[in-house]
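The next block holds one structure in the form of structure tokens; read it before the comments.
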Amino acid sequence: MNPDHTPLLICLAGPTASGKSAASMALARRWPIEIIVMDSATIYRGMDIGTAKPTAEEQARVPHHLLDIRDPAQAYSAAEFARDAAALARDIRARGRIPLLCGGTMLYYKALREGLNDLPEADPEIRRHLDAQALERGWPALHAELARVDPVTAARLAPHDSQRLQRALEIWHSSGRPMSDWLAQPPMPVLPGWRFETISLEPSDRAVLHARIARRYQAMIAAGLPDEVRSLHARADLHPGLPSIRCVGYRQLWDHLDGRISLDQAIEQAIAATRQLAKRQITWLRSLPQRIPVDCLSDRAAAEITRHCARMLGD
């Protein structure tokens, strides 16, 4: 396997509902792989149905890493993912096994593949202060504040992009330097010397993927997703400003539980938002250099992915 001995990280990426999990399980039947999950939603404990988290049986068959590593009240950044995934990839390879990155959070992949800027660490106290300010004044007011101290960053952020606005203001308050200055420095690689190979699951017919997304979300509803969100909603420490509650499929049901929309409207909006997410994921995937596209709707998708992996591994 991998006869040139260059450390290899295979990434199986694709939009939501493209069959990534099934493909990764097919690969595990042939090779001793361990899966590094690249998903900003499955990191949260207690969020299982709406994130399509691997089942207990799947996790028992193949080691899955970076599942259930955060409480929904906590945040997790792309930088944290890149460091965690890099450490896992090295550890898995040291055990003589094959690391497989699998998921659809492309910002995570960008951080891992391209490296990280040397940004200040998160400051919980500053974040709490900013959250309080946002609650009192609204995020557009904080966006205006950012425009005064860091116009370059403010220009690329929407006034309601709470997560990124918070991070940019946090960096300003903690360091006295705008985020744009920090980002002007070249990123540092987190896996220097590694070879990245990307297999991209992409639909040949967007309408078929859209129908699959609708069926899957309806199945989640039938499997108890409203009760899962209701349990989160009952917690006093959770609110719609958190990354966990902003996850597609959760925030719409949260709005329903807040009395803003009906359950039918929540389901309709969640399906529409998931389709928009898939569109953004496909756009990002198609911008990746040297990706290997595979039609996720083909009956031969798993066989084709296996063939590409065999070539990469020299097997």
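The values are calculated or read from the model by the stated rules, or taken from the named source; none is laboratory data. As the structure is a computational prediction, the values presented were derived from the model and not from experiment. Using ideal geometry, Cβ is built from the backbone for each residue, glycine included, and neighbour counts are taken over all protein chains shown.
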For this session: Can you work out which of the residues in the range 139-157 that are surrounded by fewer than 17 Cβ atoms within 10 Å (Cβ to Cβ) and under 26 Å from the mean Cα position of the chain (by Cα) is nearest to Gln74 (Cα to Cα)?
Result: Pro140
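So which of Leu27, Leu8 is touching a Lys or Arg at 6+ places or on another chain (Cβ under 6 Å) and farther than 23 Å from Ser231 by Cβ?
Details: Leu27 fails: touching a Lys or Arg at 6+ places or on another chain (Cβ under 6 Å).
Step by step, each of Leu27, Leu8 is checked, and only Leu8 is touching a Lys or Arg at 6+ places or on another chain (Cβ under 6 Å) and farther than 23 Å from Ser231 by Cβ.
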For this session: Go through (1) touching a helix residue (DSSP H, G or I) at 6+ places or on another chain (Cβ under 9 Å); (2) of a type in the set (Ser, Thr, Tyr); (3) free of Cβ contacts under 8 Å to residues at least 40 places away in the same chain one by one and return the number of the condition Thr283 breaks.
Result: (1)
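If we only count helices (runs of 4 or more DSSP H) wholly inside the range 159-268, which ones have 2 or more residues that are assigned by TED's automatic domain parsing to the domain that holds Ala85 and in contact with a Lys or Arg (Cβ under 9 Å, 6 or more places away or on another chain)?
On the way: elements: 162-175, 179-183, 206-222, 225-233, 251-257.
Of the helices (runs of 4 or more DSSP H) lying wholly inside the range 159-268, those with at least 2 residues that are assigned by TED's automatic domain parsing to the domain that holds Ala85 and in contact with a Lys or Arg (Cβ under 9 Å, 6 or more places away or on another chain) span 206-222, 251-257.
Enumerate the helices (runs of 4 or more DSSP H) found wholly within the range 24-138, keeping only those where 2 or more residues are modelled with pLDDT under 95, surrounded by fewer than 21 Cβ atoms within 10 Å (Cβ to Cβ) and of a type in the set (Ser, Thr, Tyr). First the steps, then the outcome.
Details: elements: 56-61, 78-94, 106-114, 124-137.
Counting at least 2 such residues, we get no helices (runs of 4 or more DSSP H) at all.
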For this session: Sort out which residues of the range 104-126 are over 30 Å from Lys20 (Cβ atoms) and touching a helix residue (DSSP H, G or I) at 6+ places or on another chain (Cβ under 6 Å), and write them in order of number.
Result: Pro120, Asp123, Ile126
Exercise. Out of curiosity, is Gln276 part of a helix (DSSP H, G or I) and surrounded by fewer than 14 Cβ atoms within 10 Å (Cβ to Cβ)?
Worked result: yes
Exercise. Looking at the range 264-274, is at least one residue of a type outside the set (A, V, I, L, M, F, W, C) and closer than 24 Å to Ser298 by Cβ?
Worked result: yes
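Can you confirm whether Thr55 is assigned by TED's automatic domain parsing to the domain that holds Phe196 and touching a residue at least 24 places away in the same chain (Cβ under 8 Å)? Break it down stepwise before answering.
Numbers: assigned by TED's automatic domain parsing to the domain that holds Phe196: yes; touching a residue at least 24 places away in the same chain (Cβ under 8 Å): no.
No: the conditions fail for Thr55.
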For this session: Mind listing whichever residues of the range 82-138 are more than 26 Å from Gln185 (Cβ to Cβ) and polar (S, T, N, Q)?
Result: Gln133
